[in-house]
1. I need every pair where a residue in segment 155-176 that is within 11 Å of Ile145 (Cα to Cα) has its Cβ under 8 Å from the Cβ of a residue that is basic (Lys, Arg), sequence separation at least 6 or different chains.
2. Looking only at segment 70-94, filter to residues that are touching a residue at least 40 places away in the same chain (Cβ under 8 Å) and in contact with a helix residue (DSSP H, G or I) (Cβ under 8 Å, 6 or more places away or on another chain); which one of those is surrounded by the fewest Cβ atoms within 10 Å (Cβ to Cβ)?
3. For residues in segment 106-157 being in a loop (DSSP other than H, G, I, E, B) and of a type in the set (Val, Ile, Thr), which is farthest from Gln193 (Cα to Cα)?
4. Looking at Leu143, Leu176, can you tell me which residue is more than 20 Å from Ile112 (Cα to Cα) and buried (at least 20 other Cβ atoms within 10 Å of the Cβ)?
5. For segment 179-222: of the residues being of a type in the set (Ser, Thr, Tyr) and either free of Cβ contacts under 8 Å to residues at least 12 places away in the same chain or not in a strand (DSSP E or B) (or both), which is surrounded by the most Cβ atoms within 10 Å (Cβ to Cβ)?
6. Of the residues that sit in segment 12-48 and are polar (S, T, N, Q) and within 20 Å of Asp76 (Cβ to Cβ), which one is surrounded by the most Cβ atoms within 10 Å (Cβ to Cβ)?
7. Could you check segment 20-46 and list, in sequence order, the residues that are assigned to a loop (DSSP other than H, G, I, E, B) and basic (Lys, Arg)?
Amino acid sequence: MSAGTETRGRAKRQLEEMARVLAGDGRWTEAIEINQQLIERSPKDVNAFNRLGKAYFELHRYCSAYEAYGTAAAIDPANVIAQRNLSRIEPLKAIEEDGDVQAMQQVIRPGIFIEEVGKTYVDDLVNVTGQEVLTELSSGNQLTIRVEGDDVMVIDQTGRYIGQVEPRLAKRLVELIEIGNLYEVYVTSSSGQSVRVIIREAYKSPAMGNRLSFPRQGKVAIPRAYLRDTRLFRDEPDMLLGDEEDEELDADDAEDYETTDGDEEDADYVEESGAPADEEETI
């Protein structure tokens, strides 16, 4: 390999890593610029077009996102990432936001998908809103809980209704919120027809004592990390299993819930640690 070829290869890898870091920080406008540079260097770089589509999507530039994914699919018709996102964006492909894109950028907080026994619960929302709204959701988007009587509604940052927490879990949350607990909600995956969330205990009231917010849950599929260095996750397997507080969980409470096996369909991710570049995924 010549020195020139090696230098170009190193520069390309640096740009790819920069694109991932920018995406992880929610700096989508800059991510677009970097991926465009990669495409100028390699016009048939499917992964760069997929990343470009993801960046456009996050800025609500759906027409541009559809075009980027379409180009990726044209280069590689078998590319699952591009094909999946073309289907997902189809209802929005005529929309191209041109407002304050900075206001739309959302930084993905590290660790939001880490499951903690008794402190997190992953579930699908029920009575969800229409496809035109669900399609806009991405893994990592923060949602807000709103209690209305015995129901727990989930809304997005603009106040739009997304769905409801299933009744048994809602009953428990209403009780704990009344005690003084606080909870955060994040999208783990959205297919455009359904949305899965992780509900996380943000504050535990002293009135809770040794009680847990949630029963132990079976293994649930979580989105793979967007970045190679798995910024959203920790490497230690089962690091939070065996929490000593879990032993305090009331047996009746545990029976009140079903574990969610889940699947990885529609999970937002780009690249698992150690995965080959051609397996890169965005939405």
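1. Ile155/Arg146
2. Residue satisfying both the conditions and the ranking: Pro91.
3. If we take residues in segment 106-157 being in a loop (DSSP other than H, G, I, E, B) and of a type in the set (Val, Ile, Thr), then Val117 is farthest from Gln193 (Cα to Cα).
4. The match here is Leu176.
5. For segment 179-222, the residue satisfying everything is Ser213.
6. Asn35
7. Once the filter is applied, which keeps residues that are assigned to a loop (DSSP other than H, G, I, E, B) and basic (Lys, Arg), segment 20-46 yields Arg27, Lys44.
Each reported figure results from applying straightforward, stated rules to the coordinates on display, with no laboratory input. On a predicted model such as this, the values are computed, not experimentally measured, just so you know. Cβ atoms come from the backbone with ideal geometry, glycine included; neighbour counts cover every protein chain shown.
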